[in-house]
Structure formats: structure tokens, C-alpha cells
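Enquirer: Can you read through this structure? Questions will come right after.
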Amino acid sequence: FQRTIESVNVVISTYNDDVMGDLQVYPQAGTVAFGSGLHGWGFTLNKFAKMYAAKFGVEKSKLMKKLWGENFFDPKTKKWSKRNQNAAGQTVPRAFCQFVMNPINLLFDSIMNGDKAKYEKML
């Protein structure tokens, strides 16, 4: 996703007009939507940040910044890092993958496999 967004921002900056201000898109600002037209769903990071802010008692604005880019969360130590390895040298997942893509993939798989109990719990 990151390269696609960067490519879009290159095109936008090519035709930049100072009168219109900054028109570039930033997932961490909620100005990028992700989705599937084929399957009829979509979201912004705002949706996930709001959900996790309520769950973990953290400010939504802080989570918006953490859910995109070079941000990694170690579930064992419950600490954020800019590196994909924890102190023990184990690989930790990127926050976007851990908190956004993995839950979407689990939901999608459970729906496609007819596991109603699993997907109803997730919704």
C-alpha cells in the first residue's frame, strides 16, 4: 500500500497549486481509504484507531500515527518500536499488519469458510 500512496502523492505534487494547499494523502491523517469494491467493504485508519483507542484506553490521535509506517508493537512486552525486532532479537509484526490487515484477513477467511460463530464474535 505504501508505494501506491507514494505514487499518488508524486502525481498530486506534480500538479500542485499553492492556492489549493496540500492535497497529498496520508493514511495516518485519515485521508486514505482502503477497501475492496468486489467484496463491498472499506475503511480508513481512523476506524481502527477509534476501535483500539476505546479498547486500550489510548488517545485515537496517537494510534493513528502508530498504525502506519515503520511502527512495530511487541505483544509480549506491550511496547512500541521503530524496529521490527524486539530486545530478544525476535521479529515483531508491523502495526498495520498486526492491528489492521490480520484482523481483516481473519474476518474474511471466517466469512468465506462459513464460520459464523467466529465472524459474529469479530463484528
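The values are calculated or read from the model by the stated rules, or taken from the named source; none is laboratory data. Owing to the predicted nature of the structure, the values given are computational and were not obtained by experimental measurement. In case anyone asks, the SASA skips ligands and DNA or RNA and just uses the protein heavy atoms, side chains included. Shrake-Rupley method; radii C 1.70, N 1.55, O 1.52, S 1.80 Å.
Enquirer: Any idea what angle helix 45-56 forms with the longest principal axis of the chain, computed on alpha-carbon atoms, 0 to 90 degrees, nearest 10?
Expert: Approximately 40 degrees, to the nearest 10.
Enquirer: Grab the DSSP H runs of the chain that are 4 residues or longer, score each as -39,500 (n - 2.57), total them, divide by all residues and round the 222 nm result to the nearest 500 deg cm²/dmol. Show your work: numbers first, answer last.
Expert: On the way: 5 runs with 50 residues, N = 123.
Mean residue ellipticity at 222 nm (helix-derived): -12000 deg cm²/dmol.
Enquirer: Hey, another quick one. Just read off the accessible area of Thr31 with the full protein assembly in place, 1.4 Å probe, to the nearest 10 Å².
Expert: Accessible area, nearest 10 Å²: 80 Å².
Enquirer: Within the chain, what whole-number % of the accessible surface is contributed by carbon and sulfur, with the 1.4 Å probe and all protein chains included in the calculation?
Expert: Numbers: 4930 of 8820 Å².
It is 56 percent, rounded to a whole number.
Enquirer: For the stretch 1-105, max minus min Cα coordinate along each principal axis, in Å, sorted largest first?
Expert: 48, 30, 27
Enquirer: Taking a probe of 1.4 Å, how large is the accessible area per residue of the chain, in Å²?
Expert: Numbers: 8820 Å² over 123 residues.
I get 72 Å² per residue for the chain.
Enquirer: So, one more: For the stretch 63-95 and the stretch 27-42, compute the distance between their C-alpha centroids and round to whole Å.
Expert: With the stretch 63-95 and the stretch 27-42 each reduced to a Cα centre, they are spaced 23 Å.
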